[in-house]
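Notes for the one structure printed next.
The values are calculated or read from the model by the stated rules, or taken from the named source; none is laboratory data. Predicted, not measured: the structure shown is a model, and the values here were computed from it. Using ideal geometry, Cβ is built from the backbone for each residue, glycine included, and neighbour counts are taken over all protein chains shown. Areas reflect the complete protein model, heavy atoms only, side chains present, ligands, DNA and RNA absent. Shrake-Rupley method; radii C 1.70, N 1.55, O 1.52, S 1.80 Å.
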Amino acid sequence: MTDPTEPSATPDFLNHDRPPVPHLTVPRGVQPFHLERKPVRGRLVRLGPLAEALLSRHENPEPVSALLGQALALTAGLAAALKFQGSFSLQAKGDGPVAMLLADCTEAGALRGYARAEDLPAGADSAAALLGKGYLAFTCDQGPDMDRYQGIVAIEGETLAQMTGEYFATSEQLDSRVWLAAARTPSGWRAAALILERVAGAGGIGPELDALAQQDAWETALALAGTITEAELLDDALAPDRLLYRLFHAEGLALDRPRPLSYGCRCSRARLASVLSGFGEDDLDHMAEDGVITMTCEFCNVGFRFERDEVQAAGQG
């Protein structure tokens, strides 16, 4: 088997080799649900071994990996609520030691992400301390032929869950609540999210409730969800349906069709060769070391190597 990171004799426009990354799918990565005859819907996200596969690609400090794990679970949960073809992403950019945080999920559940981190000062373990002042951007990109939707909000709050709540309150004007967890366990990294949203009336799934009954149902759901623990969210042995039953069995829990999540880095030699072809001769010469240009995918952390004399500069046929 050839190594796709090595220089290749195959013309780049014919070479679609992918890096040696896991072919991993979690069949029930996202479990949507609703409460019958109540204005409440939600999604439980459990990355399982996918969290270890994604987070172990980079040697980040543990607080940075935990923040990225939370971002991946959150992005998967938010993407699952949308009807789109393309990718949905969460990006956080601030002046803290984590200058860039990015998580990305396709409509099929292909998930990827990375965090660009500098040396952490002592005690910098909360999302607020890691990100500093800056912004959160939520983007739905459906390709060049469709308008791109993007919502941006200033980073406010101590945790990523609180920051997301601020986004929904100010940008989407949607009652919602998010619980996030990510930690290294005996089985490796695990990450999870529980997302609750308030929908109009009974969400089209039952008779309409009056305003007071709707508010009571929403507050009850929040109170029940608030009893969830990080250990429960991250426990592989506790199936999603069992966990949701623990929380909402008395409220008319109804499970919807689960959705898979998978390892979703989309880099390839062909894609990176196309990027290189946009540079001029001087830039390519500057990139080369001992006659080889190395491009490293920020998501999967695989370095692809290209012979300098085989890379054509921009404007050359």
### Summary
Here the cysteines of the chain lacking a cysteine partner under 4.7 Å (Cβ to Cβ) are 105, 140
### Summary
Computed over the chain, the relative contact order (Cα-Cα under 8 Å, seq sep at least six) in percent reads 27 percent
### Probe 1.4 Å, accessible area per residue of the chain, Å²
49 Å²
### Query
Using the Kirkwood radius built from alpha carbon pairs, what does the Stokes-Einstein equation give as D for region 96-236 at 10 °C and 1.306 mPa s, in µm² per second?
89 µm²/s
### Query
To two decimal places, what compactness ratio does region 68-121 give when its Cα radius of gyration is scaled by 2.2 N^0.38 Å?
1.22
### Message
Test of understanding: express the Cα radius of gyration of region 34-154 as a ratio to 2.2 N^0.38 Å, with N the residue count.
### Response
1.13
### Message
Mean-square fluctuation check for the chain, GNM, Cα pairs under 10 Å: which of 283, 236, 125 is largest?
### Response
283
### Query
What part of the accessible area of region 25-263, given as a whole %, is carbon or sulfur when the probe is 1.4 angstrom?
49 percent
### Task
May I have the extent of the alpha carbons of region 204-278 along their three principal axes, as whole Å values ordered from largest to smallest?
62, 33, 21
#### Entry: Relative packing of 224-232, 180-188, which averages over residues the other C-beta atoms within 10 Å, highest first
180-188, 224-232
### Per-selection metrics, the chain (Cα): Rg and Dmax in Å
21.8, 73
### Summary
The rounded separation in angstrom of the Cα centers of region 159-178 and region 238-310 is 27 Å
### Message
Using helices alone, I'd like the mean residue ellipticity at 222 nm for the chain: each DSSP H run of four-plus residues gives -39500 (n - 2.57), total over residue count, nearest 500.
### Response
-7500 deg cm²/dmol
